[in-house]
Ligand SMILES: Cc1ncc(COP(=O)(O)O)c(C=O)c1O
């Protein structure tokens, strides 16, 4: 092996300002519950559950033990033509948490893979039914569906798309629902904008419904900076999809497993999609894993109509890896034992009250919240969009809290184990940072 110096630049960091980070690294050494310990020995409160995934808090003993036990017993087993019992146990437990009639899970390793899988299953479904002209996929402006080519094609975040060529063909986008003029400082879902779902009728009129396979949306858009669905919007989208035979996919990679105070956003909003994508909280972030949950109709149409012995030519080497399954089973157990979804629901009111107390601080142009999710939108600096929130993120780290920023929006999504005094501490610390921020 070549004797190369070990420089920090050997790690090309994802979604990171690498050059700036190397000048001023923010390094994490360990974690426990609500807190990280930085490599300089400071306690940093996790205001974001990692990347929206550590719902039960860090190093949950149930999950740590289950992973250790599993890796000693069965480290790996293929799930192509063979299987292991945990995969069945997990799919049973997982689908039991899903809306009525959604009883089949396909396992992946990430949110991006879940999205690609869901899009492929939607195309496959129509083809199985002899409706093979339905190939168009409809996403939404500002949507985030991971970083695979499928996800960035239906996604609507410009920087995630613009450098990567022409993407998938046959994709169109609904208008986004962000409307500060009408909805700034709403508590919970905004009152205005349900009619934006009718944008799907425009797309149907343009392409004809007979060419459209599916619509994919985040029921609550997170990574783009927390855009909440206007009241009635998701119901209306469901109705229009039904009218035209279009499948509705909810990308629940961040909303599943308690974030809104229910097992899924579908349950929270009372709107049932045909496909739900999940990842992140499925294993509490401990081991990469995702799952796509589909309706009985979708599963049965593959089982009944597929010609070849294999019904769906799709899968991953690590689909339902035994160690991931053990982590997921323990995560679901921990959510249940600690009643974490209900806890999130109960905390959502004090969370809302605390967050909205930041109104009036310099440059704060909106505050929004739902479940245990919050966002503070800042006015951009002249000629430097994103710079103000980026500086807030760095100052927050110095002040002992981890926040996440997208453009000039600060997003908060703490582990669901957060206590009321910790909510106060998180919001107060952020308030102090914002008060001083130029
Ligand atoms: C809604 C949504 N879909 C997909 C993804 C991609 O997940 P991953 O980063 O695990 O590929 C994310 C990640 O934030 C997400 O929020």
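Of note:
- Highest mean packing first, where packing is the average number of other Cβ atoms within 10 Å per residue, the peptides 339-347, 148-156 line up as 148-156, 339-347.
- Segment 403-438-segment 152-195 distance, computed between alpha-carbon centres (Å): 24 Å
- DSSP bridge orientation in segment 173-310 - percent antiparallel, rounded to nearest 5: 40 percent
- Spacing of the two label points (7 Å from each Cα toward its C-beta) at residue 129 and residue 435, in nm: 5.8 nm
- Antiparallel DSSP beta bridges within the chain, as percent of all bridges there, nearest 5: 65 percent
- Across 324, 295, 114, mean-square fluctuation computed from a Gaussian network of the chain (C-alpha pairs under 10 Å connected) peaks at 295.
Values in this text are rule-based calculations from the coordinates and carry no lab data. Bear in mind the structure is a predicted one, so any value in this text is a computation, not a measurement. We place every Cβ from the backbone using ideal geometry, glycine too, and count neighbours over all the protein chains shown.
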